[in-house]
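Heads up: the structure comes next, in structure tokens.
The values are calculated or read from the model by the stated rules, or taken from the named source; none is laboratory data. Here the structure is a predicted model, which means the values were calculated and not measured. Glycine also receives a Cβ, built like all others from the backbone with ideal geometry; neighbour counts cover every protein chain displayed.
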Amino acid sequence: MRSLFFLPAAAFVVLTAALPRVGRAEPASFGDKVQFRGSLTNSRVCFEQRKKATVAFMGGSITEMNGYRPMVCERLKKRFPQTEFKFVDAGISSTCSTTGAFRLASDVFAQGPVDLFFVEFAVNDDQDAAHTRAECIRGMEGIIRHARQLNPNIDIVMTFFVNEGMLKTLQSGQTPLTIEAHETVAKHEAVSTINLAKEAAEEITAGKLTWKQYGGVHPAPYGNAIGASMIDELFDRAWAAPLPPGQALVAHPVPQPPLDPLSYTKARFIDPKEAHIISGWTLGVPDWKALSGGKRDRFTKIPMLCATEAGADATLDFEGTTIGAFVVAGPDAGEVLVRIDGGRSQLINVYHNYSSGLHYPRSVILGTDLSEGHHTIKLHMADQTKHTGHAMRIIQFEAN
């Protein structure tokens, strides 16, 4: 997502503290829009018995902003005042579940095991990545199953937010593609879900809420408070009975087979310095001041593997069934000819629909459905371009 409004954290806490709890007083007030599946007992053991826990949030700008995430953090601290919490904000604006899968290990688990994990990508998979159903499943299933490889005891909650197009789909009685796909993964993996999108659509249709009150794609405090209250209700359902003394951690089952055997369950970054430069590529921090288009601060000090002229060549050796690149694609983004293991070249456009005014972070899948094992990819910046340049700036290679 492109635009994003941030409140300073201190001001946000003061503002949200004054908000009423949104929702209804009676049990199961949000009905089937809160789906409790599997178990959230392991995180509760950490909260109540061990009194030390890590809670992580991954998603796009809805997660990165001061929205539902700090509300949930505050509510957890009130529920468990004796617990020492560590909160991880792994939200990056504009990114989708594909990027999320590849950055899971480095951005969520780099500081140690995670006990409770919130993940949201329904909006970004829709409007930023325009994913197919298969792509939604491959990314989200990869995140869930990889997270449970890294910590078999991790409790996971999936949240669904909404944009204007998805709202219209819901109001027509249908389910947006990304929500249906992610819900399919959640059912298969016994992951609880929070369907804030459906709740907002029903309240707007009933005249109890307006899109403006909700706050739009990046919800206002009122809209985020609905989501936080839905998560509270999930906790109430999951933790209704007292925790048995000495309750042990129990690994979550991993159902077999996966929905997609090639889901990104082994996703990882490969440092671009591992590439072999033949000609025309450089490794370093781009000269951002000389480039047109908006830049986000989080990317402006990162060394990248960069090409700006047609004819630039580089290769990379990797293991796995998928290879991609996490890039920033600006107004000068070009097209790259990709050849894997000496096979037929494929022309891939690096440019994104939002690149005209912003160096846009995105995952570009360069090859997939490959055989297991060792491969070599060659990147050649093409002579042709549909835009103003021949650039490709790689933050990390992605392999699965």
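Data table
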| quantity | calculated |
| --- | --- |
| Number of the exception - Thr184 against (1) in contact with an Asp or Glu (Cβ under 8 Å, 6 or more places away or on another chain); (2) surrounded by fewer than 24 Cβ atoms within 10 Å (Cβ to Cβ); (3) in a helix (DSSP H, G or I); (4) among the hydroxyl-bearing types (Ser, Thr, Tyr) | (1) |
| Among residues of the range 223-250, those that are in a helix (DSSP H, G or I) and at positive phi, counted | 0 |
| Identity of the residue in the range 295-305, surrounded by 15 or more Cβ atoms within 10 Å (Cβ to Cβ) and closer than 20 Å to Tyr354 by Cα, that ends up farthest from the chain's Cα centre (by Cα) | Lys295 |
| Scope the range 109-125; condition farther than 16 Å from Thr193 by Cβ and either surrounded by 22 or more Cβ atoms within 10 Å (Cβ to Cβ) or in contact with a helix residue (DSSP H, G or I) (Cβ under 9 Å, 6 or more places away or on another chain) (or both); matching residues | Phe109, Pro113, Val114, Asp115, Asn124 |
| Qualifying residue in the range 127-145 (condition: outside any helix (DSSP H, G or I), in contact with a helix residue (DSSP H, G or I) (Cβ under 7 Å, 6 or more places away or on another chain) and in the same structural domain as Phe57 (by TED's automatic domain parsing)) | yes |
| Boolean, Lys266 is basic (Lys, Arg) and assigned to a helix (DSSP H, G or I) | no |
| Residues (crowded, with 19+ Cβ neighbours inside 10 Å and within 21 Å of the chain's Cα centre (by Cα)) located in the range 187-199 | Glu189, Val191, Ser192, Thr193, Ile194, Asn195, Leu196, Ala197, Lys198 |
| Subset of the range 366-391 (residues that are in a strand (DSSP E or B) and among the basic types (Lys, Arg)) | Lys378 |
| Yes/no for Gly207 being at pLDDT below 95, assigned to a loop (DSSP other than H, G, I, E, B) and either farther than 27 Å from Ile394 by Cα or assigned by TED's automatic domain parsing to the domain that holds Thr184 (or both) | no |
